[in-house]
Structures are given as structure tokens and as C-alpha cells.
1. So in segment 90-146, with the set limited to residues that are assigned to a loop (DSSP other than H, G, I, E, B) and touching a Gly at 6+ places or on another chain (Cβ under 7 Å), which one is surrounded by the fewest Cβ atoms within 10 Å (Cβ to Cβ)?
2. Could you identify the single residue in N88, N28, N23, N64 that is among the polar types (S, T, N, Q) and touching a residue at least 24 places away in the same chain (Cβ under 8 Å)?
Amino acid sequence: MPSFDIVSELDKPEIKNAVEQANKEVANRFDFKGSDARIEQAELVLTLYADDDFKLDQVQEVLNAKLIKRGVDIRCMELGKSEKVSGNKVKRGATLKSGLETELSKKIVRLLKDSKMKVNASIQGESVRVSGAKRDVLQDAIALVRKSITDFPLQYQNFRD
């Protein structure tokens with residue numbers, strides 16, 4: 001029976017490279033000379049530091065550009081609030097979400113069941129396995145999910161006949 005998996009995965013080496021490139025650009029930019037603007041990474045948590053909110057937004061823009069250039073979807077990034085740190089410096093946390101949350105998985109399964117397509121969708125850990133009788137039905141299911149779920153990056157893997 002043909003099937004495929006709906007997942008949401010991040011390419012961790014690409015994220016690390018994007019953070020390093022963003023730090024390099026921030027260190028070399030003229031408008032950041034003499035400031036303490038940088039990005040620190042701890043697994044899937046990024047912390048952005050700058051002297052004020054404007055520079056913090058600029059660091060965020062540089063990071064977003066580098067992530068997009070490296071093929072990492074920035075919709076998986078959840079930004080925190082700006083916080084004051086010692087003196088007049090500010091920081092902002094950003095969490096990178098990997099894997100499907102149960103709420104989103106249930107939404108995908110319900111979407112496929114409500115569409116009256118002849119597919120079976122089941123939640124398997126941090127992925128949703130969709131199986132059907134024909135390849136065409138599965139391709140229609142992928143198109144439906146792509147059109148309906150736009151606020152979170154999804155990948156379609158393990159397509160089997």
C-alpha cells in the first residue's frame with residue numbers, strides 16, 4: 001500500500017553555519033562597530049544580543065537572511081520578548097521548533113479525514129503517516145495539506161509505492 005510521512009525537521013549543521021555567518025557579518029558591519037551585538041546558539045535555542053532594540057532587530061534581520069539563504073525555513077523560529085540585560089544592553093531568545101506537535105498532527109489527521117479522501121492518516125511520534133490505495137490519491141493529499149497548513153514548515157518523506 002503506497003504511503004508517505006509528513007514531518008518537520010531542521011538541518012542542524014545548516015543552522016550552525018547560518019549563525020556563524022550572521023555573527024561574522026555583524027562583526028564586520030560598520031553600524032555594529034564597537035557594539036556587543038552577537039548571536040549565541042545552544043542546540044535549538046538561539047540568543048541574540050545587542051546594544052538597543054533597533055540593533056537587535058538588525059541582528060534578527062541578518063540571521064533571518066542567512067537562514068533563508070541556507071535553506072532553513074524561518075517559520076519554525078519562535079521569537080521571545082526583548083529583555084534588558086546589564087546596563088542598556090538587550091537580548092532576545094529564539095526557539096527553533098523541530099518535529100510535529102501533537103496538536104498540529106491531530107489537525108492534519110482531521111483535515112485528511114474531513115476531506116473524504118480515501119487515505120488513512122495515523123500519528124507516529126513526531127510524524128504523520130498517510131497511506132492510500134493509489135499514488136494519485138496521496139499526491140492529492142499532499143496538495144491539500146500544503147494548501148491548508150501554511151503557518152508551519154512541513155516536509156513529505158518516505159514516499160513508497
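Coordinate-derived values only; no laboratory data. If you're wondering where the values come from, they're calculated on a predicted model, not measured in any experiment. Using ideal geometry, Cβ is built from the backbone for each residue, glycine included, and neighbour counts are taken over all protein chains shown.
1. This residue is K118.
2. Exactly one residue qualifies, and that residue is N88.
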